[in-house]
Amino acid sequence: MRLFFAFLLLAASALPLQARSAAPPDPPHRDWHAGWITHPTAPLREPVVLHFRRALTLAAVPASYLVRVSADNRFILYVNGHRAGDGPARGDLTHWRYERFDLAPLLKPGENLITATVWNWGVYAPIAQFTDRTAFLLESEATGETSISTGDPKSGSWQVELEHGQQPLGRDRVTVKAYMASGPGEQVNADRYDWAWNSPAPSDGSSPGASPGAWGAAASPMRDSIYAGVNRAHSADSVGDNPWGLIPDELPPMEYAPTSTGEPVRTSTPALRRFPSAQVTVPANAHVQILIDRKTLTTAYPQLTVSGGKGAEITLTYAEALYDQNGHKGDRNDVGDRKAIGITDSFLPDGGPGRTFEPLWWRTWRYLELDIRTGADPVTLDSLKAQFTAYPFEERAVFAAPAATPDPDLKAIWDISWRTARLDAHETYMDTPYYEQLQYVGDTRIQALISYAVANDDRLARQALRAFDASRIAEGITRSRYPSSLPQNIPTFSLLYIGMLHDYWMYRPDQDSLTRALVPGTRTILNWFATYEQPDFLLREVPWWSFIDWVPTGEIPTYDAQGESCVTTLEYLGALRDAAELERAFGDPGNGTRYQDRADRIRSGLYQKCWSESRGLLADTPDQKSFSQQANILGVLYDVIPRDHQPQVLKQMIAIEPGTTPNGVLSASYYFRFYLARALDHAGIADDYLASIGPWRRLLPLNFSTWPEIPGDTRSDSHAWSAHPAYDFLTLVAGIKPASPGFSTVTVAPHLGPLPSLTATYPHPQGAIKVEYQRQGTGLNATITLPGTLTGSFEYNGKTTSLKPGVNRISAP
C-alpha cells in the first residue's frame, strides 16, 4: 500500500497544471464568502509545512467546478492525488494574489479528495516573499453540499495536519559563500514524513499513514482577535480584519513539464554511471558521489525516487558551474576534480519503497551532484526526473543569418540570450534564478523589452510595472526591487522605472490605459529628485544607493568636492525627457513643458561642467578627474555631447572591454552595454553594433549556456541584464522598432554590419513582421511584410520609403 501511495504522488507530480481556469479574468473587486484557515496550534510565523484535506461527494461531475485559492506563503493544490496547480504568485500584503482553477477535469462521480500542501519558511523565506502568518484559503463557486470553501461553516470543515518530516535548511548548508536572497534548501526526513497524507482516508476514519490524531479540524489564523469572522477573505479595495488584500493573478500558470536531468560525468564508483538512465544500488556503509551534467542551465523541480536505505543521507547540490581548488569557475564544460558547491537539499530515506523527494520550490542548476552516505542498509536509486518551470514565454521571433555568414557566433548568442531571459522569468522577472530571484527595475526594464520583441507578451511586464508603482515610499520614489520583504532603495532605478513605463507605452497597445494610470506616480519621483538640483542644474548626492553599473575597479557614480555627479544627473535627464512625452500624451501638457525646460537647462549645465575639451569625453564629475563609458554612453544618448562629436566618442567606447580601464576610463558591464547599443543607434552608427558584441563572443569558448552577471569571476552564471542581444538583434540589426506609441506604426532600419543577408520575424501585436535582406553590391534588396493594417517606413542609407500593409519589395541604393 505504501508503494502505491508513493507512486500516486510521483504520477501526480508529472502531470501538467491542467486545472487552471480558462474563464474570463476576475474584476479587481469581488465579495468573498470563504475564510482563511490554518492549524489550530502550530506556530504561525515559524517555518512550517501543513497539509489540508477535504472530501467532496458528487453525484455527477459538473461541466465546471471553479475555485479560487491562495495561501501565505505558498500552496500546491491536488485533486484525487493529481497536481492541480500552485501559487500564489508573489505580491505584497496589500496586493495578495489568488489563483483560479477549474477542478472539473480532475473530479469523478462519488467520493473526491481535495488536498493542499501549504508552507511558510519564516525567517528562511526568500527575500522576494512577503508574509504575515501561515494560512490557506479556498473558495468554490459551488454552494450547498458541493461547496468546499474554507472557513465557511455552511460547507463543512477542512482537516489539517502538521508535517513533521519536511523543514528548511539553514544558510550554513549553502556551500557557496555569496549573497543569497533566494529561498532555503529543504530536508525531508522520510521516517517522520506522512507518505499517505494525499491518499483517501480509510473507511474507519483513521488517518492513513499518520500517527493517531495527526489530522484535526482547521481553525482561523487570526488568533489575536476575539471576534468571529475576522478570517473572512476580502478584496484589496475593501476593508478587512486580516492583512491579505486579495487581487486576481492575471498571469498564466507557470510551466511544469518534463525536462532532461542530464548524464553522469563523474562518479566515485564506475557502476553508478548507469544512473539515472538505469536503476542502481549503493551498498551499505558506503559513501559515493554522482555528478550529473545537463549541458545547459535549467530551472526545475528535481524528483529523486529511492527504495530502501534506512539510515542513509542523500545530499543534492545544485551548481551553475564547477569550481576549481582556488574557487574559480573557468570553462563551464571542465569537470576534472572541480567541485559542485551551492544550494543543497537533504533526503533521509526510511527504508520504504519508492520514496520520492521533490522540493516544494524549484531549483536552478546545470550540474547536480548526489552525495550518498548509507548506513546498515543499501539504497536503490530508482530514478531521477525533473519538471521544468518558468513563465510560459513562447519564442515567436526569428533571427537567421545564412549558414555561410562571416559571423557564425550570432546563432549561439541568440540562443543563449533567449535561454537566459526565459530562466530569469517566473511569477516575476528575476535578476538571477539562483542567488536572488528578485525583480529589480534595472534588470526588468531590459527583460520586458526582450519579452515584447521575442515573445509578443506583456503580461509579466505589466505585473512588474504595477509592482514598482505599488512599492513607492512616502518620499515619492519607488523601491529598487519589488516584491521584497527587505526594503532596498536605489533612487536611480526609480528614474529607469520611468523609462520602462515609456518603453511600454511605445511597444504595447495600451487598451486598458495602464500607462495613463501610472503616469501620476512618475511625478512624485521627479519631484523628489528636483529637491537635489543645484544652482548649476546638476544633482548633488542623493540618499541611499545611487547604483549606475558594476565596475571592476573604481566607483560609479563618483562625486566632486561639492557632492555633484554628472552620471547621476544624466540618468535624471533621461527620465525627464521620457516623462515629458508621457505627460503630453496622458497627463498634464504643462508638466510636459516644464519637464522639457528643466531637461534643457540640465543638458546645458552638464555640457558646461562635465565636457572635457582636452579629453574629448564627458567626465563623471564636474572636477573632471574621472571618466567612464557610462557617462559618455548616456551623454550621447541624451545629446549632452554634441551630435558631431558623438560617433567619435562612441567608437572609443566600443573598443573598451568589460573589466578594463584603458586610459583611466572605467568600463561598462554587460548590463550597461544595453545603453551603448541604444547610443549607437541614436548617433547613426548602429552598423557598428555587431562589432560591439565582442564581450559576448569571448564568452562562447567558455561554454556558458546562459549569460553571466559580470566579466571574470562572476557570481551569477545567469543574469537577465546580460541577455539584451536578443532584443538588439531584432531592433538594431534587423532594424524593427516602433515609430509611434503602441507600435501603431513601424520603422524598419536595418544595420547589417558585415552580414551579406538576413531574415527575421518580429511578433508585432497585429501579427508577424517579416523582413528579408540581401546585399546587392553597395545596395540592399529588402522584402518587408507588414501584418494587418500596420504601416511604416523603411530607412536605409539616408533614404526613406513608405511601407504599406502586406508585402513591400524595395531595392535601396
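Leu752: assigned to a loop (DSSP other than H, G, I, E, B) and touching a strand residue (DSSP E or B) at 6+ places or on another chain (Cβ under 7 Å), yes or no? Yes: the conditions hold for Leu752.
Would you point out which residue out of Val288, Val265, Val282, Val239 is touching a Gly at 6+ places or on another chain (Cβ under 8 Å) and either modelled with pLDDT under 95 or within 30 Å of Asn333 (Cα to Cα) (or both)? Unique residue meeting the criteria: Val282.
Can you tell me which condition Pro695 does not meet? The list is (1) without any contact (Cβ under 8 Å) to a residue 60 or more places away in the chain; (2) surrounded by fewer than 21 Cβ atoms within 10 Å (Cβ to Cβ); (3) over 30 Å from Thr299 (Cα atoms), and all the others hold. Of the numbered conditions (1) without any contact (Cβ under 8 Å) to a residue 60 or more places away in the chain; (2) surrounded by fewer than 21 Cβ atoms within 10 Å (Cβ to Cβ); (3) over 30 Å from Thr299 (Cα atoms), the odd one out for Pro695 is (3). Residues of segment 776-801 that are at pLDDT 95 or above and out of contact with any strand residue (DSSP E or B) (no Cβ under 7 Å at 6 or more places or on another chain): Thr789 alone.
Sub-6 Å Cβ pairs linking a first residue in segment 582-602 that is touching a residue at least 40 places away in the same chain (Cβ under 8 Å) and farther than 19 Å from Leu501 by Cα to a second residue that is among the hydrophobic types (A, V, I, L, M, F, W, C) and open to solvent by less than 30 Å² (accessible area, probe 1.4 Å), at least 6 apart or interchain, are Arg598/Leu576; Ile602/Leu573, ordered by first then second residue. Among residues of segment 308-326 being in contact (Cβ under 8 Å) with a residue 40 or more places away in the chain and open to solvent by 30 Å² or more (accessible area, probe 1.4 Å), the one that is nearest to Ala421 (Cα to Cα) is Glu313. As a summary of the residue check, Ser614 satisfies the conditions (1) under 20 Å from Gly554 (Cα atoms); (2) of a type in the set (S, T, N, Q); (3) part of a loop (DSSP other than H, G, I, E, B); (4) open to solvent by 10 Å² or more (accessible area, probe 1.4 Å) except for the one numbered (1). Pull up segment 624-660, narrow it to residues that are among the charged types (D, E, K, R) and over 34 Å from the mean Cα position of the chain (by Cα), then point me to the one that is nearest to Leu538 (Cα to Cα). This residue is Lys625.
Can you tell me which of Arg45, Arg30 is assigned to a loop (DSSP other than H, G, I, E, B), modelled with pLDDT of 50 or more, within 20 Å of Trp361 (Cα to Cα) and touching a Ser or Thr at 6+ places or on another chain (Cβ under 9 Å)?
Result: Arg45 is the single residue among Arg45, Arg30 that is assigned to a loop (DSSP other than H, G, I, E, B), modelled with pLDDT of 50 or more, within 20 Å of Trp361 (Cα to Cα) and touching a Ser or Thr at 6+ places or on another chain (Cβ under 9 Å).
Outside any strand (DSSP E or B), surrounded by fewer than 24 Cβ atoms within 10 Å (Cβ to Cβ) and of a type outside the set (Val, Ile, Thr): does that describe Asp469? Judged against the criteria, Asp469 is a match.
Of all the numbered requirements in (1) in contact with an Asp or Glu (Cβ under 8 Å, 6 or more places away or on another chain); (2) outside any helix (DSSP H, G or I); (3) surrounded by 18 or more Cβ atoms within 10 Å (Cβ to Cβ), Val771 misses one, and that requirement is (1). Scanning segment 179-200 for residues being open to solvent by less than 20 Å² (accessible area, probe 1.4 Å) and either under 31 Å from the mean Cα position of the chain (by Cα) or of a type outside the set (A, V, I, L, M, F, W, C) (or both) gives a total of 10. Among the residues examined, Ala390 does not qualify as under 30 Å from Asp249 (Cα atoms), in a strand (DSSP E or B) and open to solvent by less than 20 Å² (accessible area, probe 1.4 Å).
Filtering segment 249-268 to residues that are more than 32 Å from the chain's Cα centre (by Cα) and surrounded by 15 or more Cβ atoms within 10 Å (Cβ to Cβ) leaves only Thr267.
Hey, which of the strands (runs of 3 or more DSSP E) in segment 96-178, taking only ones fully inside, have at least 2 residues that are open to solvent by less than 10 Å² (accessible area, probe 1.4 Å) and either more than 22 Å from His426 (Cβ to Cβ) or without any contact (Cβ under 8 Å) to a residue 12 or more places away in the chain (or both)? So the answer is 110-120, 135-140, 159-162.
For Glu555, state whether it is at pLDDT 95 or above and of a type in the set (Asp, Glu). So Glu555 fails the test. I need the full set of residues from segment 228-258 which are among the β-branched types (Val, Ile, Thr) and closer than 19 Å to Leu44 by Cα, in order please. Selection gives Val230 alone. Beta carbons closer than 7 Å, at least 6 apart along the sequence or on distinct chains, pair a first residue in segment 328-353 that is more than 16 Å from Leu381 (Cβ to Cβ) with a second that is basic (Lys, Arg) and crowded, with 16+ Cβ neighbours inside 10 Å for Val335/Arg266; Ile343/Arg363; Thr344/Arg173. Give segment 397-442 a look and list any residue that's open to solvent by 10 Å² or more (accessible area, probe 1.4 Å) and part of a strand (DSSP E or B), or say none. Once the filter is applied, which keeps residues that are open to solvent by 10 Å² or more (accessible area, probe 1.4 Å) and part of a strand (DSSP E or B), segment 397-442 yields Val398, Phe399, Ala400, Tyr440.
The values are calculated or read from the model by the stated rules, or taken from the named source; none is laboratory data. No experiment lies behind these values; they were computed from the predicted model shown. Cβ: placed from backbone, ideal geometry, glycine included. Neighbour counts: every protein chain shown. Side chains are part of the model used for accessible areas, which takes the heavy atoms of the whole protein and leaves out ligands, DNA and RNA. Shrake-Rupley method; radii C 1.70, N 1.55, O 1.52, S 1.80 Å.
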